[in-house]
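Worksheet: one structure, shown below.
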Amino acid sequence: MERKINYIVKLDHIKELSDKEKKRLKKLIEKFPFRTNEYYLSLINWKDPNDPIRKISIPSEEELIVWGKLDASNERKYMKVPGLEHKYPDTAVILVTNVCAMYCRFCFRKRLFINKNEEVAFDISKSLEYIKKHPEINNVLLTGGDPLILNTSKLERILGELSNIFHVRIVRIGSKIPASNPFRIINDPSLIKVFKKFNLQRDKKLYLITHFNHPKELTKEAKRAIRLIQKTGTIIYNQTPILKGINDHVEILKNLIEELSFNGVTPYYFFQCRPVIGNKMFSTKIEDTIDIIELARAKVSGLAAKIRYVMSHETGKIEILGKTKNLIFFKYHRAANPENQGKFMIYKRNPLAYWFDDYTELIEEYKING
């Protein structure tokens, strides 16, 4: 049976919050916009002040702690035309919307909800022209915002345009909707047809990159949405930041990556939370997080343990490999500068580090060949 899900943009519409809480948080959401929906709110245990779904979706005064930058990874640096980023030779990123089914409080692109700017490609014609002129681009990531918030006909047009570019072999869609509102998928058979249509093309493949942050999000409805997508031939991967008070715990991460793998979703990246304004309350110390991830990885099968612990740094995707008593090890998994590709780096440990820039004492670095 079809279930209609209403979106909520005012705290006044959340009956579980007291008038005192609503009044206290009013100024905060004027700074950092608020948006959620009835389904996602239904996952909250309102008797638990530390409920992870509540922390993900309901504002907190801790967001006002002065820390970080709006664009911590300097994504604008790689914008070639409005809405398109080209950081790595074979990959183009198109920001197709600045709206999501819900605004995660830890969002690293909250600048898109705060400022009206040219970072979003509401009209992707210039992005398409850029991609056509760069045959080295063989895969395109659609993100934002959340591409699945778009109406299906618009998404079909975007996928259709990309499918007509010979050298584009893969299109990825980054979306939290399977976690935040799976009924967007369950209630729309036409979306399933669009996905299937793309995958029926020769030498083209559609990937859905989901954002399940906590096992509580893997509800029966979410799993149903996953199955529907899988039947179209779309391959599903999941990525999540490590979030203080939400999933920075061995058993929670273990349960998350196991449940994902049990449902045919490949655990992909564990991200270090970017040092974005408003995100101090969610950020974990890198050297503590290494231990949590490795202990969780040790508890699951090889299929579930495929995750990589990385940072989306301005200079590239830096993998955090491990540590010894005095040293910590990094490697460029992807690099904006080809000279850094595969570079292995050894730094002196800094137990207080939240980001790569917090490491200043370089011990050794060298390029890995072959």
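The values are calculated or read from the model by the stated rules, or taken from the named source; none is laboratory data. Worth saying up front: this structure is predicted, and the values here are computed from it rather than measured. Neighbour counts run over all protein chains shown; Cβ positions are idealised from the backbone, glycine included.
Checking each residue in the range 131-141 for being farther than 15 Å from Leu208 by Cα and either crowded, with 18+ Cβ neighbours inside 10 Å or without any contact (Cβ under 8 Å) to a residue 40 or more places away in the chain (or both) picks out Ile131, Lys132, Lys133, Pro135, Ile137. Answer yes or no as to whether Lys299 is surrounded by fewer than 17 Cβ atoms within 10 Å (Cβ to Cβ) and touching a strand residue (DSSP E or B) at 6+ places or on another chain (Cβ under 7 Å). So Lys299 does not fit the description; no.
Any residue at all in the range 196-210 that's under 21 Å from the mean Cα position of the chain (by Cα) and among the polar types (S, T, N, Q)? Yes. Here Thr289 meets the list (1) hydroxyl-bearing (Ser, Thr, Tyr); (2) in a loop (DSSP other than H, G, I, E, B); (3) out of contact with any helix residue (DSSP H, G or I) (no Cβ under 7 Å at 6 or more places or on another chain) almost entirely, failing just condition (2). Within the range 319-370, being surrounded by fewer than 16 Cβ atoms within 10 Å (Cβ to Cβ) and assigned to a helix (DSSP H, G or I) holds for Pro338, Glu339, Asp357, Asp358. Of all residues in the range 319-336, those that are on the phi > 0 side of the Ramachandran plot have Cβ atoms under 9 Å from Cβ atoms of residues that are outside any strand (DSSP E or B) and at pLDDT 95 or above, 6 or more apart or on another chain, in Gly322/Ile290; Gly322/Glu294. For the residues Lys4, Lys20, Lys55, the requirement of being exposed (fewer than 11 other Cβ atoms within 10 Å of the Cβ), basic (Lys, Arg) and either within 20 Å of Ala179 (Cβ to Cβ) or modelled with pLDDT of 95 or more (or both) singles out Lys4.
In the range 254-265, which residue that is out of contact with any Leu (no Cβ under 7 Å at 6 or more places or on another chain) and surrounded by 19 or more Cβ atoms within 10 Å (Cβ to Cβ) is farthest from His333 (Cα to Cα)? Per the criteria, the residue is Asn255. Check the range 187-198 and report whether any residue there is within 29 Å of Lys254 (Cα to Cα) and not aliphatic (A, V, I, L, M). No; the residues of the range 187-198 include none that is within 29 Å of Lys254 (Cα to Cα) and not aliphatic (A, V, I, L, M). Does Ser42 count as more than 21 Å from Pro182 (Cα to Cα) and of a type in the set (Ser, Thr, Tyr)? Considered against the rule, which asks whether it is more than 21 Å from Pro182 (Cα to Cα) and of a type in the set (Ser, Thr, Tyr), Ser42 comes out as no. A Cβ distance below 8 Å, combined with a sequence gap of six or more or placement on separate chains, defines the contacts here; from the range 284-299, residues that are closer than 14 Å to Lys323 by Cα reach residues that are assigned to a helix (DSSP H, G or I) in the pairs Ile286/Asp358; Ile292/Val250; Ile292/Leu253; Ile293/Leu253; Leu295/Val250.
Check whether at least one residue in the range 278-294 is on the phi > 0 side of the Ramachandran plot and touching a Leu at 6+ places or on another chain (Cβ under 8 Å), and report yes or no. Scanning the range 278-294 turns up at least one residue that is on the phi > 0 side of the Ramachandran plot and touching a Leu at 6+ places or on another chain (Cβ under 8 Å).
If the condition is being among the hydrophobic types (A, V, I, L, M, F, W, C) and buried (at least 16 other Cβ atoms within 10 Å of the Cβ), then the range 68-98 contributes Ala72, Met79, Val81, Leu84, Ala92, Val93, Ile94, Leu95, Val96. Here Ser127 meets the list (1) surrounded by 22 or more Cβ atoms within 10 Å (Cβ to Cβ); (2) touching a Ser or Thr at 6+ places or on another chain (Cβ under 9 Å); (3) of a type outside the set (Val, Ile, Thr) almost entirely, failing just condition (2). Scanning the range 125-155 for residues that are at pLDDT 95 or above and small (Gly, Ala, Ser) yields a total of 3.
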